[in-house]
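Everything below concerns the one structure shown next.
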Ligand code: NDP
């Protein structure tokens, strides 16, 4: 599995699974844990979650799936709710996440989006958690360039990642956010990489490239993101077939002609666009 380097020197797998809108129904807990187990068996090594997902329910079934697995082979990402992201609240929220996941440490802990808490307090809590060994790296999510610049003054240049909505149909981040992240060597984690199964997967250009490769539209849009060495994808599926299908994107290597065709259908932004948020 290709990995992406964080400013700390740690490495994160370029492909992971998302878990939003899972963990919401306790009766599905076993099936959802089975999806994570399947992904791990396929070779997937990154799991993205948040205290928000299923109100902690996603972390619970991930904890089930991690039972009996080697913790050091799995890269775990979770996120703190903005309303918990105070000096003390961040530490307590992280401890609750660790308990639900039944692990000692998260590899990456993100501020889910900017809310009312002072960024300086969140940054201080992240440093405390890191110094205590409870998280490996910390970072942010849904931070556009202004927030990123402000955050950059607080984080002593150690931000592990910025997780934002980014896919072929939503390329706004490329205008000035991605260049800023690249200058600071901060990986971009692309959430909603399938654009939440929107019209993107039915678009003629995506379908035509898919056909040429004997691949599916979902595999093509993931492969397009995976061409970029500092982008991490975290598609979500609650089904076994699609979990396999999405993983198969790693075997789809797009040509320059494919990339050109997709570029014509989904041109890069020519001016600043506010970051999309789901
Ligand atoms: P995705 O772009 O991953 O799309 C998920 C949707 O696509 C689901 O409805 C899923 O349905 C469907 N799907 C999955 N695979 C396929 C396929 N091969 N073909 C057709 N449809 C498919 O959207 P998400 O918004 O879930 O983003 C991914 C992850 O990113 C989240 O789960 C979460 O971990 C993270 N995220 C982070 C956010 C943040 O603020 N930091 C915000 C949003 C997401 P089904 O499950 O039925 O297969």
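A helix-only calculation puts the chain at -11500 deg cm²/dmol for mean residue ellipticity at 222 nm, using -39500 (n - 2.57) for each DSSP H run of at least four residues, averaged over all residues.
Assign one of three labels to region 232-278, namely rounded, prolate or oblate, based on the Cα gyration tensor with a ≥ b ≥ c the square roots of its eigenvalues; rounded applies when a/c is under 1.5, prolate when it is not and a/b is larger than b/c, and oblate otherwise. Intermediate values should be presented prior to the final figure.
Details: a/c = 3.30, a/b = 1.35, b/c = 2.44.
It comes out oblate by the Cα gyration axes.
Computed over region 113-257, the percent of Cα pairs more than 24 Å apart is 40. Taking the Kirkwood radius as Rh and the Cα radius of gyration as Rg, region 41-199 has a ratio of Rg/Rh equal to 0.96. For the chain, what class follows from the C-alpha gyration tensor (a ≥ b ≥ c being the square roots of its eigenvalues): rounded when a/c is under 1.5, otherwise prolate if a/b is larger than b/c, else oblate? The shape class here is oblate. Tell me whether region 31-91 comes out rounded, prolate or oblate; compute the Cα gyration tensor, take square roots of the eigenvalues as a ≥ b ≥ c, and use a/c under 1.5 as the rounded threshold. In terms of gyration-tensor shape, prolate.
Beta-bridge orientation, region 1-126: approximately 25 percent antiparallel, per DSSP, counting only bridges with both partners inside.
Considering Cα pairs under 8 angstrom that are at least six residues apart, work out the relative contact order of region 60-137 and quote it in whole percent. Provide the component values of the computation, followed by the final result.
Values: 99 pairs, mean separation 29.3, N = 78.
Result for region 60-137 is 38 percent.
Order by neighbour count: 208, 278, fewest other Cβ atoms within 10 Å first, most last.
On the way: 208 15, 278 10.
Ranked by crowding around the Cβ, least crowded first: 278, 208.
For the chain, calculate the relative contact order in percent as a whole number, restricting contacts to Cα pairs under 8 Å that are 6 or more residues apart.
On the way: 529 pairs, mean separation 53.0, N = 278.
Once normalised by length, the contact order is 19 percent.
Between residue 271 and residue 34, the simple spin-label model (points 7 angstrom out along Cα→Cβ) gives 5.2 nm. Volume per residue of the convex hull around the Cα atoms, evaluated for region 189-278, comes out as 109 Å³.
Tally the DSSP beta bridges in the chain and give the antiparallel ones as a percent, rounded to 5. Don't skip to the answer; put the middle values down first.
Details: 4 of 27 bridges.
If we restrict to bridges inside the chain, about 15 percent are antiparallel.
So how far, in whole Å, is the C-alpha centre of region 80-142 from the one of region 153-194? Taking the Cα centre of region 153-194 as reference, the centre of region 80-142 is 19 Å away.
Computed from the coordinates by the stated procedures, all read-outs in this text should not be read as laboratory data. Note that this is a predicted model, so its numbers are computed, not measured. Ideal geometry is used to build each Cβ from the backbone, glycine not excepted, and the neighbour counts take in all protein chains shown.
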